[in-house]
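The next block holds one structure in the form of structure tokens; read it before the comments.
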Amino acid sequence: MSAVSLSILVGLLATLLALPPALFLGWVLERTRWPGRGVVYVLVLLPLVLPPVVTGYLLLEFFSPRGMLGRQLESIGLPVAFHLAGAVVAASVVGFPLLFMLVSYAYRSVDPALETVSRSLGRGGWETWWRVTLPLAWPGVAAGALLAFARALGEFGATIVLAGHVPGETGTIPLAVMALMDVPGAEQEVFALCGVSIFLGVLAVVGFRALDKRHRTRLELDR
Amino acid sequence: MKFDLALSLTRPQGFCLDVSWSGDVDALALVGPSGSGKSTALGLLAGVEKHQGHLRLDGVEQAGTPLHRRRMGHVTQDALLFPHLTVMQNLHYSPWAHTLHGEGGVKEADVIDALHLEPLLDRRPRHLSGGERRRVALGRALMSVPRLLLLDEPFAGLDAQRRRDALSVLRHVRARFGTPLVLVSHVPEDIVGLAEHALRLEEGRLVANGAATSVLSAGETRVDNHMTGRVQPDGRVEVDGCDLVTAVPRGITGSVRLACFAHDILLATERPHGLSARNVVETQVTKLEEAGDAVLVHVARPAVAATLTPDAVSELSLAPGQRVFALMKATSISYLGPS
């Protein structure tokens, strides 16, 4: 698989992997109050400020064939370290705080009074989330997913540690560029990959802005 | 509905509510100055906030029932329509809305008709005016077939004409669906027009309770008489068998809703002559009712009330059964809309 299609595949899978926990944690932290919430916040946002290489190293401790989770996953035929799954996990973890923050922002902009009305009209907590909270928050959630996808495209540090550079399996655009820089006469290929990166990045940011605008209109914030 | 309330709540900011009352009424008003705890008490009835004490409706304790099983039609001041749904989808939101056919006599078409929602059904809430939003919110609450309607300042922010119109619609809804209601309002006309019984709250405490007219303080009683009638070929409107000259615009036909303030109606014990008032109707006193520092004199047909001072009542020796003439200016009988 080429570096470009591999990058897109890893980005998509990483975003899909991060979405359910981001939706769940975002809701829990926005809509409930309990001691220890602050600690969870710090843990969730940590990958945003840690050097990606450190994040990668910690993940490797976890997911290597001798790690706590790695052993289990390997035994069911899903090796993570130095496989495609590793690149997905690395991109997912590093992009998670970004997704989480935008999902939280999307939830926060939904008036809790609408959820109360929904419940007083006979819809329970889960149904209210599905029928009111998520539909109102979704353009914001989608904007967050797009940004997390863009972040995954650019992920390097944690990926190289956890997944290494296995061309066709974990060799995403940044890793391919890094490898090609050492190859004499590969400047054109490097340029092409840079061009694709810029194109995908612009697409993601434009999409993010459009979704964010839609989110605001939906919630009547820009009326 | 039988109410048995002992609601007690202390907010961290220092606000305290402590209201105990029991009674059997179908339309209850909570009155009092702003900050007196009316809306908070209404929210406790709805179940949106936890409280101490008890809350029994028709003998059943509500405190342990989660919000989504209480079946309270809580209509808040800001209508809180779901912005991503059309008016029709908002009306259908409650799971009970899908089972309402026949139940309690409430039908979707009735709700849409009573609240004049037909032209709005495909619109999104952001394309509705404030009054329309409130009508939809009321419709959505009615569609959930609530055991009790809880209305928080249902007419706030409407101008005088729209307010009279909305009040008339709500009276119509009440007559049609018969759902018991609790109303919060600081406007005396709303309370006298809709509720039988009122509780006056001040600083979170119950300071007075009684018939709606008696709980209002002096000078607060402005009763609005609402009538329905049929336009006759000569332009007059037939109300309770009386042909009245009214302010109904030309060209309007069929059933109409009218309103006339009680203080705009004069009573005379003999037929007066040489008057500008277009309507002089011979009728009978049915009831005298104290209302603040005035007396409401109810007459048989048209079924309206006139506000008189106690002095005027004693000078005319008014008593139930007595024959009187009700005098109404054509311009004081306002046209509210089709019925």
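Read through the list (1) out of contact with any Pro (no Cβ under 9 Å at 6 or more places or on another chain); (2) surrounded by fewer than 18 Cβ atoms within 10 Å (Cβ to Cβ); (3) closer than 25 Å to B:VAL215 by Cα; (4) not charged (D, E, K, R), then give the number of the only condition that B:ALA262 fails. So B:ALA262 meets the others, but not (2). Of all residues in the range B:179-194, those that are within 15 Å of B:LEU158 (Cβ to Cβ) have Cβ atoms under 6 Å from Cβ atoms of residues that are modelled with pLDDT under 75, 6 or more apart or on another chain, in B:GLU189/B:ARG222.
Output the residues belonging to the range B:196-208 that are in a strand (DSSP E or B) and within 18 Å of the chain's Cα centre (by Cα). Selection gives B:HIS197, B:ALA198, B:LEU199, B:ARG200.
Scanning the range B:255-273 for residues that are part of a strand (DSSP E or B) and within 24 Å of B:GLY235 (Cβ to Cβ) gives B:SER255, B:VAL256, B:ARG257, B:LEU258, B:ALA259, B:CYS260, B:PHE261, B:ILE265, B:LEU266.
Scanning the range A:77-113 for residues that are of a type in the set (Gly, Ala, Ser) and closer than 28 Å to A:PRO167 by Cβ returns A:GLY77, A:ALA81, A:ALA85, A:GLY86, A:ALA87, A:ALA90, A:ALA91, A:SER92, A:GLY95.
When B:HIS298 is tested against (1) modelled with pLDDT under 85; (2) of a type outside the set (A, V, I, L, M, F, W, C); (3) open to solvent by less than 80 Å² (accessible area, probe 1.4 Å), exactly one condition is not met: (1). Among the residues making up the range B:285-321, those that are assigned to a loop (DSSP other than H, G, I, E, B) and among the hydrophobic types (A, V, I, L, M, F, W, C) are B:ALA300, B:ALA303, B:LEU316, B:LEU318, B:ALA319.
Taking into account only those residues within the range A:174-217 that are within 14 Å of another protein chain (Cβ to nearest Cβ) and touching a Pro at 6+ places or on another chain (Cβ under 6 Å), which is farthest from A:PRO112 (Cα to Cα)? Filtering first and then ranking leaves A:ARG214.
Taken over the range B:108-125, the residue count meeting the criterion of being open to solvent by 30 Å² or more (accessible area, probe 1.4 Å), at pLDDT 90 or above and more than 13 Å from chain A (Cβ to nearest Cβ) is 4. Within the range B:93-107, the set of residues being touching a helix residue (DSSP H, G or I) at 6+ places or on another chain (Cβ under 7 Å) and at pLDDT 75 or above comprises B:TYR93, B:SER94, B:ALA97. Could you tell me whether any residue of the range B:215-235 is in contact with a Gly (Cβ under 8 Å, 6 or more places away or on another chain) and in a helix (DSSP H, G or I)? No. Here is the figure for the range B:186-195: residues that are part of a loop (DSSP other than H, G, I, E, B) and either under 10 Å from the mean Cα position of the chain (by Cα) or not assigned by TED's automatic domain parsing to the domain that holds B:PRO33 (or both) total 1. Can you list residue pairs whose Cβ atoms sit under 7 Å apart, with the first residue in the range B:306-330 being touching a residue at least 40 places away in the same chain (Cβ under 8 Å) and the second being in a loop (DSSP other than H, G, I, E, B) and of a type in the set (D, E, K, R)? Count only pairs 6 or more apart in sequence or on different chains. Pairs that qualify, where the first residue is touching a residue at least 40 places away in the same chain (Cβ under 8 Å) and the partner is in a loop (DSSP other than H, G, I, E, B) and of a type in the set (D, E, K, R), are B:PHE325/B:ARG271; B:LYS329/B:ARG278; B:ALA330/B:ARG278.
Cβ-Cβ distances below 8 Å connect the following pairs, each with a first residue in the range A:125-140 that is free of Cβ contacts under 8 Å to residues at least 40 places away in the same chain, a second residue that is among the aromatic types (Phe, Trp, Tyr), and a separation of six or more residues or different chains: A:ARG131/B:TYR93; A:VAL132/B:PHE82. Of the residues making up the range A:47-99, those that are open to solvent by less than 40 Å² (accessible area, probe 1.4 Å) and hydroxyl-bearing (Ser, Thr, Tyr) are A:THR55, A:SER64, A:SER92. B:ASP78 meets the stated requirement of being within 14 Å of another protein chain (Cβ to nearest Cβ) and surrounded by fewer than 17 Cβ atoms within 10 Å (Cβ to Cβ). Could you say whether any residue in the range B:66-77 is farther than 26 Å from B:ARG135 by Cβ, in contact (Cβ under 8 Å) with a residue 12 or more places away in the chain and within 21 Å of the chain's Cα centre (by Cα)? The answer is no, given that none of the residues of the range B:66-77 is farther than 26 Å from B:ARG135 by Cβ, in contact (Cβ under 8 Å) with a residue 12 or more places away in the chain and within 21 Å of the chain's Cα centre (by Cα).
Can you tell me which residue in the range B:46-74 is farthest from the other protein chains (Cβ to nearest Cβ), limited to those that are among the small types (Gly, Ala, Ser) and surrounded by fewer than 12 Cβ atoms within 10 Å (Cβ to Cβ)? Among them, the one singled out is B:GLY59. With respect to the stated conditions, B:LEU128 fails to be closer than 14 Å to B:VAL75 by Cβ and either modelled with pLDDT of 90 or more or open to solvent by less than 10 Å² (accessible area, probe 1.4 Å) (or both). Residues that are within 14 Å of chain A (Cβ to nearest Cβ), farther than 24 Å from B:ASP4 by Cα and either open to solvent by 10 Å² or more (accessible area, probe 1.4 Å) or part of a helix (DSSP H, G or I) (or both) do occur in the range B:141-156, at least one of them. Say we look at the range B:157-185 and pick out the residues that are surrounded by 16 or more Cβ atoms within 10 Å (Cβ to Cβ) and outside any helix (DSSP H, G or I); which of these is modelled with the lowest pLDDT? Within the range B:157-185, the match that is modelled with the lowest pLDDT is B:LEU158. Looking across A:GLY144, A:GLY157, one residue alone is surrounded by fewer than 22 Cβ atoms within 10 Å (Cβ to Cβ) and either within 14 Å of chain B (Cβ to nearest Cβ) or of a type outside the set (Lys, Arg) (or both). It is A:GLY157. Against the numbered list (1) more than 14 Å from chain B (Cβ to nearest Cβ); (2) not in a loop (DSSP other than H, G, I, E, B), A:LEU78 comes up short only at (2).
The values are calculated or read from the model by the stated rules, or taken from the named source; none is laboratory data. These numbers come from a predicted model, not from an experiment. FYI the Cβ positions are ideal-geometry reconstructions off the backbone, even for glycines, and counts take in every protein chain you see. Side chains included, ligands, DNA and RNA excluded: accessible areas come from the protein's heavy atoms. Shrake-Rupley method; radii C 1.70, N 1.55, O 1.52, S 1.80 Å.
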